[in-house]
Every structure is written in structure tokens, then in C-alpha cells.
1. Only one of 133, 125 is in a helix (DSSP H, G or I), without any contact (Cβ under 8 Å) to a residue 60 or more places away in the chain and within 26 Å of residue 404 (Cβ to Cβ); which?
2. Going by the conditions given, is residue 49 in contact (Cβ under 8 Å) with a residue 40 or more places away in the chain, in a helix (DSSP H, G or I) and surrounded by 19 or more Cβ atoms within 10 Å (Cβ to Cβ)?
3. Quick one: is residue 86 assigned to a helix (DSSP H, G or I), at pLDDT below 90 and under 19 Å from residue 145 (Cβ atoms)?
4. Would you confirm, using the coordinates I've provided, whether residue 362 is crowded, with 23+ Cβ neighbours inside 10 Å, in contact with a Leu (Cβ under 8 Å, 6 or more places away or on another chain), assigned to a helix (DSSP H, G or I) and assigned by TED's automatic domain parsing to the domain that holds residue 301?
5. Tell me, please, whether a residue that is under 21 Å from residue 44 (Cα atoms) and at pLDDT 85 or above can be found in region 210-229.
6. Being in contact with an Asp or Glu (Cβ under 9 Å, 6 or more places away or on another chain) and surrounded by fewer than 20 Cβ atoms within 10 Å (Cβ to Cβ) narrows it down to one of 248, 273, 324, 297, so name that one.
Amino acid sequence: MNDPRHPSVPARLAGIRLAPGFLPRHLVSYLYAAFVTIGLLAFVSFMQAWLLNVNLGLAPELQGRTVSALNFANELVALCLVAPFGALADKIGRRAVYACGLLWLAAGLLLYPLARTLPQLTACALFFSVGVAAVGTMLGTVLADTPEESSRGRLVGVAGVFQGLGALTLVGVLAKVPSWLSQHGVTQLAAGRMTFTLAALLAALSAVLVLLGLRRGTPSERAPAMPLARILREGLGAARRNPRIWMAYLLQFGSFGDRVVLGTFLMFRLQHAWLERGLPMHEATSRARGPFIAAMAAGLVTALVVGVLLDRIDRLRIGVAAMALAALAYFACGLIEPTQVGLMLAVAVLLGVGQIAAIIVGQTLLGQEAPRDLRGAVFGLAGVVASAAILFTNAIGGWLYDSVSRGGPFFLLAAVNFAIFLFGLRLVRRAA
């Protein structure tokens with residue numbers, strides 16, 4: 001829908017031009033949905049160590065491979081459901097699927113703290129992953145639908161800011177509740193259940209707001225579902241003709257692998273280090289929040305800065321710099337003692353900067369370099385690469401964490417990011 005005062009002029013908000021049929025309130029609703037979606041997922045990742053230690057009492061030497069196996073299974077479920085949810089959204093509308101996904105997350109959040117055995121926790125995680133698939137698919141789909149093409153890069157940056165704010169706020173606030181309750185005489189088990197209940201209420205309320213706020217109906221132009229074989233053939237063909245697309249794929253791989261280590265293994269390493277110092281679980285969880293919040297805050301600022309730089313500096317060079325920074329940060333994080341608070345905070349800032357910069361640059365490079373007639377295949381393969389990164393990092397990282405060293409997942413991603421840096425540097429030199 002165009003601006004009613006000027007029918008030929010697309011609606012806009014804060015300089016972002018919207019696609020026909022979209023109004024500013026639709027964009028505001030989407031940004032709120034992005035805020036809550038990523039915030040809730042970050043909260044669940046942060047609280048995994050709490051569930052394994054308080055609810056299950058699992059031995060620390062088994063927790064790395066356990067959480068990796070859970071995340072691996074979750075990603076497989078989500079990967080299988082992306083296409084069905086996308087097709088369903090084309091039939092009944094984005095807002096209905098998004099709202100149902102948030103309600104599913106609310107139910108999963110109520111179930112999680114009831115698990116007292118590993119099979120029960122696995123069942124809860126797999127149930128929750130269905131909601132993750134729904135909201136994750138809609139997060140990207142509505143982002144693709146909403147802007148006019150000339151404002152797509154700007155909206156990607158703004159959405160990244162709101163996602164970072166969501167993770168920062170919900171982990172910063174909700175993850176503090178168990179510690180506060182425990183200090184006021186509530187048992188650790190009850191404190192965890194009450195905290196998850198608060199998160200579930202937020203998810204349910206957000207489902208209502210999303211249902212009311214997102215645009216009604218379905219897109220006027222529907223892209224047919226593309227088979228995986230065609231995605232691989234055409235996506236790889238485009239990359240062979242344009243190495244910058246290869247770099248965009250690699251940035252997807254590196255940044256999503258970084259997300260696993262930052263969201264899962266960093267939390268486990270910090271909490272385990274404080275538990276080994278004799279602190280109770282609620283205090284260890286509280287101490288672990290600092291570096292995670294520092295990483296999220298740094299990513300938030302980075303999203304704003306990179307969003308401006310992308311229109312002024314060669315995007316490939318920014319991606320190369322992001323990978324160099326991330327490689328250095330992950331190597332340092334694997335070396336230092338987690339209880340060295342000052343050093344850990346500094347490294348966490350570098351981790352947040354490198355990861356967010358890589359995500360934004362990768363998405364922007366894809367939009368810039370993908371041929372118009374192959375955009376579906378190129379973006380489809382980028383999604384496959386992101387899932388492969390999550391599966392790879394969980395599979396190898398969990399084994400390294402338990403069997404080799406708690407710094408193992410960080411050294412693994414340092415090597416991955418450094419290899420991507422070298423590839424990108426070669427492209428920069430060839431273009432010079």
C-alpha cells in the first residue's frame with residue numbers, strides 16, 4: 001500500500017522505503033518481532049548450562065557433547081521444516097505462521113524446566129526446535145518482503161541492531177532473575193522454572209502483538225520452492241563465475257559457526273570456570289552474563305557502524321577485516337583463563353564485533369553480487385551453508401570441549417575464520 005496522501009510514493013520510516021502494501025506500523029511490528037525472537041533464542045542458549053547442572057545434575061565432562069548433540073538435532077529438525085513453513089506462509093500469510101511459532105516457543109519454554117532426565121530434556125529441545133524453525137523462517141522471509149530494493153541494505157542493518165538489542169536485553173534481564181530469586185530464598189530449581197515461565201509469557205504476548213501488527217495477506221508474487229539439487233547446481237555455478245559470492249558463502253559459514261561458539265560454548269566455559277571456583281550455580285550464571293552482554297553490546301554498535309561503512313568502503317575489505325579480528329579474538333579466548341574478568345570482557349567485545357560484522361557483510365555481499373535470475377539459488381545455498389556451519393561446529397566443538405580442551409571450540413573457529421581471512425585477502429589483492 002502506498003502513502004495515502006501520495007499514492008505513487010512508497011511509505012517509509014526513518015529513511016527506509018517500504019515495498020508496496022507495507023506501512024510503517026508493519027515495519028515497527030517486524031522490528032519488535034526480531035527483537036523478541038533473537039532475544040528468546042539467546043536466553044535459551046544462555047540457560048542450557050543451568051538446565052544441565054540444576055535440573056539434570058549432569059557431570060561437567062559430559063556437558064559439552066550433550067549440548068552439542070542437542071543443538072545438532074535441533075538444527076536438523078529446523079532445517080527439515082524451513083521449506084514447509086515457507087510454503088505454509090505463502091498460503092496463510094506470514095503473520096499467522098510467525099504468531100503460531102511464538103506460541104510454540106512459549107509452550108516449549110514452559111516445558112524446558114520440567115525436564116529432569118536427559119531423554120526428557122531432548123524431547124523438550126526437539127519440541128522447541130519446531131517453533132524455532134517457524135520464527136526463524138519468518139524472520140528472514142518478512143525481512144525480504146518488507147523493504148523496497150533501494151532500502152534493503154539499510155533495513156538489514158537496522159534489523160541486525162534490533163536483534164542484538166533483543167539478545168542483550170533478554171539475557172541481561174531474564175538471565176538475572178534466577179540469581180535474584182535464589183538470593184531471596186527460592187530454591188535453584190524453582191528459580192529456573194519461574195524464570196522460564198516469565199520468558200514463556202513474553203513469547204505468548206509477543207505472538208498477539210505480531211498477529212495484530214504484521215501485514216495481512218500473502219505476497220502478490222510467490223517464488224516456487226526450489227529443489228535442493230537445483231540450489232546446489234545454480235548456487236555453486238554463480239560462485240564459480242564470481243569469487244565474491246564464494247566469499248559471501250564463507251562469511252555465512254564463519255559467522256554462523258561463531259554464533260554457536262559465542263552463544264553456547266562461551267557460556268559453558270564461563271559458568272564451569274566459576275563453578276570450579278566453588279560458586280553456586282546462580283552466582284556462576286550471574287558472573288557469566290558480563291562477557292556475553294559485552295559481546296552483544298559490541299555487536300550492536302558494530303551493526304550501526306558497519307551499516308554506514310558498507311556504502312563507503314569496499315564490502316569485501318570489511319569482510320576480510322571482520323574475519324581477521326574474529327580469528328584473533330577466538331584464539332585469545334581459547335588461551336585465557338575465563339575468570340580473568342578484564343581480559344575476558346575485552347576479548348568478548350572483539351568476538352561480538354567480528355561476528356556481527358561478518359553476518360552483515362555476508363548478507364549484503366549476497367544481495368550485491370547475486371545475479372537477479374539466480375538470487376533464489378544463491379540465497380538458498382547461503383542458508384544451506386549456514387546450517388552446515390551450525391552442524392559442523394556443534395559436532396566438532398562438543399567433542400573438543402569434553403575430550404581435548406575447553407578452549408577447543410574457540411581454537412577451531414579461530415582456524416576457520418583465519419582460513420576465510422586468507423581467502424578474502426587473496427581476492428582483495430587480485431582486485432587491486
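1. On the way: 133 fails: within 26 Å of residue 404 (Cβ to Cβ).
125 is the lone residue from the list that is in a helix (DSSP H, G or I), without any contact (Cβ under 8 Å) to a residue 60 or more places away in the chain and within 26 Å of residue 404 (Cβ to Cβ).
2. Yes, satisfied.
3. On the way: assigned to a helix (DSSP H, G or I): yes; at pLDDT below 90: yes; under 19 Å from residue 145 (Cβ atoms): yes.
It is true that residue 86 is assigned to a helix (DSSP H, G or I), at pLDDT below 90 and under 19 Å from residue 145 (Cβ atoms).
4. On the way: crowded, with 23+ Cβ neighbours inside 10 Å: yes; in contact with a Leu (Cβ under 8 Å, 6 or more places away or on another chain): yes; assigned to a helix (DSSP H, G or I): yes; assigned by TED's automatic domain parsing to the domain that holds residue 301: yes.
Taking the combined requirement at face value, the residue satisfies it.
5. From region 210-229, those under 21 Å from residue 44 (Cα atoms) are 210; that's our starting set.
Next cut, at pLDDT 85 or above only: 210.
Scanning region 210-229, I find at least one residue that is under 21 Å from residue 44 (Cα atoms) and at pLDDT 85 or above, so the answer is yes.
6. 273
The values are calculated or read from the model by the stated rules, or taken from the named source; none is laboratory data. Keep in mind that what you see is a predicted model, and the values were worked out from it rather than measured. Neighbour counts are summed over all protein chains in view; Cβ atoms, including those assigned to glycine, are modelled from backbone coordinates with ideal geometry.
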